[in-house]
Amino acid sequence: MMFHLFVAEFKRSWIQLLRYPTEVISAIVVTTIVFYGLFLSARYVAGPGVQFGDRMESIIIGYALWSLAMFIMADITGGLQREAQTGTLEQIFISPFGAPKVFLVRALAGLTIQVALNLVILVILMVLTGTRLAFPPMLLLPFVSILMGVYGLAFILGSIALRVKQVQQLLGICQFVFLFLLTVPVESWAGSFKFFAMLLPMVPGAGLLRDLMARDQTLNVGLWAIALVNGFVYLALGLLLFRYAERETKRQGKLAGY
Amino acid sequence: MLVLHAQGLQKSYRYQGKPIAAVKQVSLAIAAGEVLAFLGPNGAGKTTTIKMIAGLVLPDVGTVEILGRDPYRHTAALRSIGAVLEGNRNLYWRLSAEENLDYFGVLRGLSPRVAHQRGLALLERFDLMSKRRTVVQALSRGMQQKLALAVALIHDPPLLLLDEPTLGLDVEATQHVKALIREIAQEGRAILLTTHQLDIAEELSDRVAIINQGEIIVEESTEELIRQFSGTTYSVALEVPLDGDRHSKIERLGGTIEGNTVYLYDPSMLYDLLDILKPLPLLRIEKDDANLTEIFLKLTGGRGKGEEEREKREEGRVKDQQRLE
């Protein structure tokens, strides 16, 4: 049954995406242009002779992760708002699967789209900046921990969207917080700062990914375990909050409307 | 067999810090094959009640059972509900008619194969087969509403909740949707129908429940309710004016005359009246039946045109009586 739901959600999201391709193309173009602008500015500041070395690769990975996280957040919260307006949200809540399950399966089904889009962005960035990134299969391990964190945060924001319906402003603020979390190389910090950084969402996984893809290092299993626990905690928090928000919204009778 | 049994539903919301009672004490029961028209003015608590039944709003007090199961505790009970809710089309606008049916079928717990088969059968039945590959946003409003009904039926639910299913539709589409609802009810489903179009409610419903300010003020079979509110007056319209002799005879029977129409208040005198009128050509004879609109307005504080006319006639009759005495 859950597999059938996954396939149905997978088909639904891909059909909706491919039926209006201009939206996807513009999202890819805008995301890459913003990065290229930043890249050109950084090169201008640094001067012509400076080599960025593995720092450029690290920044690209951080940026691609950031755009992935933002796409997922916008997908989940924007979807909730849109569906509250068109009335499909209430239909989901009448499903015998229960809304949290449907939204989790939906998020996983939509992941293929988000990963595909962001791989395109990543490849364009590599071509534009002339960088080479390693793609060892091991990268999937920290990647999973990051995704758990992203989905956890998306469900937290989704819970707020369910309650107050309008979260565009909050989403705008999140962009900057996420940019900090995913692009600042906290793995190179030391002492208590590094310890606190490990508690922040997505941060330990993003550091590991930079180690694997930009610095050609092997996976630090201890750090990966921390990243995994970190991702799990944020995902669990997101899902719990979503369940709470569902109950409260039903109590207040505010599932529909916007 | 009772499909829906809602008992003592209550719901209050807070508005500017104060609690506002949206639904005070509502109990509803619908058996299989029965259409209950749930009527009330705007803000009377209809939608809140429907949403409590669908598990979309949690009641403060009260219970809901659908085929004996509580939808708040057992999400499987939701499998027995199909719903078309107010104000929107409940569909994915970027998906085609067929894709919507496929998706919602699986969302309601069907296998993709069964969902597809049932979807095609519903498209055929609702006369939407030629539009199966058209995206919803390109369909007319009437077609969107028919598709929303089809989607609500995809998993063959025993209970159908229809909140304003004909809202915003033109005359032809309204007739179509009305015919479909009648057909669906005949299949043995329990239907809870809210509508502001009271002629539709009168035509489709077996029973009527009228809610006002959060409370059910009347619940009765549609036929019985109309009978209760109907007068006993007969009106006889003639093609020609009455002569003076007949005029006085009719007044002696207690009747009144307005233009070419005679009003008779004692039904046992009908054939005496017809004897008096014989052999004048008659246009029509009508018994003064109330309609649901008048009943609704009377019970909820408004006044219908028919009711005003009836009162006017009653006043005229009393005056005539006084004059004769």
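Any residue at all in region B:68-79 that is under 24 Å from B:E164 (Cα atoms) and in contact with a His (Cβ under 9 Å, 6 or more places away or on another chain)? The answer is yes; a qualifying residue exists. The single condition from (1) modelled with pLDDT under 90; (2) within 14 Å of chain A (Cβ to nearest Cβ) that B:G119 fails is (1). Restricting attention to region B:79-102 and to residues that are in a helix (DSSP H, G or I) and in contact (Cβ under 8 Å) with a residue 24 or more places away in the chain, the residue that is farthest from the other protein chains (Cβ to nearest Cβ) turns out to be B:A97.
So that you can scan it fast, the table gives a plain yes or no per residue for (1) under 24 Å from B:I66 (Cα atoms); (2) surrounded by fewer than 19 Cβ atoms within 10 Å (Cβ to Cβ); (3) in contact with a strand residue (DSSP E or B) (Cβ under 6 Å, 6 or more places away or on another chain):
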{"position": "B:T195", "(1), (2), (3)": "yes, no, no"}
{"position": "B:I200", "(1), (2), (3)": "no, no, no"}
{"position": "B:S205", "(1), (2), (3)": "yes, no, yes"}
{"position": "B:Q213", "(1), (2), (3)": "no, yes, no"}
{"position": "B:T232", "(1), (2), (3)": "no, yes, no"}
{"position": "B:D245", "(1), (2), (3)": "no, yes, no"}
{"position": "B:K249", "(1), (2), (3)": "no, yes, no"}
{"position": "B:E258", "(1), (2), (3)": "no, yes, no"}
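When region A:205-258 is filtered for residues that are of a type in the set (A, V, I, L, M) and within 14 Å of chain B (Cβ to nearest Cβ), the ones remaining, listed by number, are A:A245, A:L255, A:A256. For region B:62-82, a residue qualifies if it is modelled with pLDDT of 90 or more and among the aliphatic types (A, V, I, L, M), and the qualifying residues are B:V64, B:I66, B:L67, B:I81. Of everything listed in (1) more than 12 Å from the chain's Cα centre (by Cα); (2) assigned to a helix (DSSP H, G or I); (3) within 16 Å of A:A74 (Cα to Cα), the single unmet condition for A:L208 is (3). Criterion applied to B:G105, B:G62 was being under 30 Å from B:I20 (Cβ atoms), outside any loop (DSSP other than H, G, I, E, B), more than 7 Å from chain A (Cβ to nearest Cβ) and among the small types (G, A, S), and the one residue passing it is B:G62. The selection criterion, being under 27 Å from B:G55 (Cα atoms), within 14 Å of chain B (Cβ to nearest Cβ) and either touching a Leu at 6+ places or on another chain (Cβ under 6 Å) or surrounded by fewer than 21 Cβ atoms within 10 Å (Cβ to Cβ) (or both), does not hold for A:T77. Entry remark, region B:65-78: residues being within 11 Å of another protein chain (Cβ to nearest Cβ) and either part of a loop (DSSP other than H, G, I, E, B) or within 15 Å of A:E90 (Cα to Cα) (or both) number 5 in total. Screening the candidates A:V229, A:V233 for the property of being without any contact (Cβ under 8 Å) to a residue 24 or more places away in the chain and either surrounded by fewer than 18 Cβ atoms within 10 Å (Cβ to Cβ) or among the charged types (D, E, K, R) (or both) yields one hit, A:V229. Whenever a residue of region B:170-192 is in the same structural domain as B:L39 (by TED's automatic domain parsing), its partners that are acidic (D, E) and assigned to a helix (DSSP H, G or I), lying with C-beta atoms within less than 9 angstrom and at least six residues away or across chains, give the pairs B:K178/B:E203; B:R182/B:E203.
Just the residues that are buried (at least 24 other Cβ atoms within 10 Å of the Cβ) and either of a type in the set (G, A, S) or within 22 Å of the chain's Cα centre (by Cα) (or both), please, taken from region B:154-165.
Within region B:154-165, B:L160, B:L161, B:L162, B:P165 meet the criteria.
Take the conditions under 23 Å from B:E294 (Cβ atoms), in contact with a Gly (Cβ under 6 Å, 6 or more places away or on another chain) and not basic (K, R) and apply them to B:I216. Does it pass? No; evaluated as a whole, the condition is false for this residue. Candidates are the residues of region B:18-45 that are within 14 Å of chain A (Cβ to nearest Cβ) and modelled with pLDDT under 90; the one that is surrounded by the fewest Cβ atoms within 10 Å (Cβ to Cβ) is B:P19.
Scanning region B:2-16 for residues that are more than 14 Å from every other protein chain (Cβ to nearest Cβ) and loosely packed, with under 10 Cβ neighbours inside 10 Å returns a single hit, B:Q16.
Being touching a residue at least 12 places away in the same chain (Cβ under 8 Å), of a type in the set (A, V, I, L, M, F, W, C), surrounded by fewer than 24 Cβ atoms within 10 Å (Cβ to Cβ) and in a helix (DSSP H, G or I) is a condition met by at least one residue of region A:186-195.
The values are calculated or read from the model by the stated rules, or taken from the named source; none is laboratory data. Model, not experiment: these values are computed from the prediction. Here the Cβ is made from the backbone with ideal geometry for all residues, glycine too, and neighbour counts use every protein chain on show.
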